[in-house]
1. Name the residues whose placed amide hydrogens come within less than 5 Å of the amide hydrogen of Gly78, ignoring near sequence neighbours (fewer than 5 apart) on the same chain.
2. What shape does region 149-217 have by the C-alpha gyration tensor, where a ≥ b ≥ c are the square roots of the eigenvalues, rounded means a/c under 1.5, and otherwise prolate means a/b greater than b/c and oblate the rest?
3. What are the residues whose amide H is under 5 Å from the amide H of Gly171, where those residues sit 5 or more places off or on another chain and H is modelled from the backbone?
4. In Å², what does the accessible area per residue of region 92-217 work out to with a 1.4 Å probe?
5. Quick one: what are the phi-derived ³J(HN,Hα) couplings along region 121-131, Karplus 6.51/-1.76/1.60 with θ = phi - 60°, whole Hz, x for glycine and proline?
6. Which whole-Hz ³J(HN,Hα) couplings does region 83-97 yield from phi under the Karplus relation 6.51 cos²θ - 1.76 cosθ + 1.60, θ = phi - 60°, glycine and proline marked x?
7. Suppose we look only past 15 Å in the calculated P(r) of region 88-185. What percent of the Cα-Cα pairs does that tail hold?
8. Amide H of Ser211 versus every other amide H placed in the peptide plane: which residues, excluding those fewer than 5 positions away on the same chain, fall under 5 Å?
Amino acid sequence: MLALVVMGCIGAGQVTPSAVAPSSVPSSAASPSGSGGPVVPSDTPTPPASSPVEPSATPSQSPSASLDESPTGSGSVGSADLCAGNDDNRDFYRSVAADVDWPVYCPILPTGWFVTAGTYRLAGGGWMEIAYRGPGGARLELHQGAFCQAAAGCVPAGSDAGSAPFGDLTGTLVTGDDGSYSVVVDRGADRSWLAVGTGIDVDPFRSIVASLNHIED
């Protein structure tokens, strides 16, 4: 079993790990809750901390990008270098993509978005979850791999609203009863992909999800 946790600011320099307990059922309302110390790869012997570690500093600038600013991604296959965030965030995605046998996707976001939590596990086919916070309290979650085999796909309750791209895949857009929007691919399958946006209008959310980068690393 292997897990890795990241936390940080898009465009910031240093990421301070934070304890995050993974959940097999995604939540569109909050980051995964944490207990215990930071989780590190098992081949990197590091004594666990006795208590969660909080970020040492807050971003020096307030988010300034509007939610309708279009990301520049093409939804094609590319390097993890294209992933939004700092080097720790990109290393997180590289680690996942190198260790699993299913496609891994990362967002290409405008400025003003921050990684709040991320984790992955290799057991049971492997899965990863990562969350971002954007301007005005907007939130984006990505869940990939064997994170949910329930028939409903762990998608927030709502109404299907037709097809929508998920990077170079095609999924289903769901308009959530709670005001969220989701795009899900292979709902309920052994491996699936889910993006959930809250506090984001449908057009910018679709644009962000359509531009997801399929990591080739």
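The values are calculated or read from the model by the stated rules, or taken from the named source; none is laboratory data. The structure presented is a predicted model; accordingly, all values stated were derived computationally and were not measured. With ligands, DNA and RNA removed, areas are computed over all heavy atoms of the protein, side chains included. Shrake-Rupley method; radii C 1.70, N 1.55, O 1.52, S 1.80 Å.
1. Close amide H contacts, sequence-distant or interchain: His214, Ile215, Glu216.
2. Here region 149-217 falls in the oblate category.
3. Ala164, Phe166
4. 33
5. Values, residue by residue: 9, 9, 5, x, x, x, 7, 9, 9, 8, 10 Hz.
6. 5, 5, x, 9, 5, 5, 4, 5, 5, 4, 5, 4, 4, 5, 4
7. Taking all Cα-Cα pairs of region 88-185, the fraction more than 15 Å apart is 66 percent.
8. Gly167
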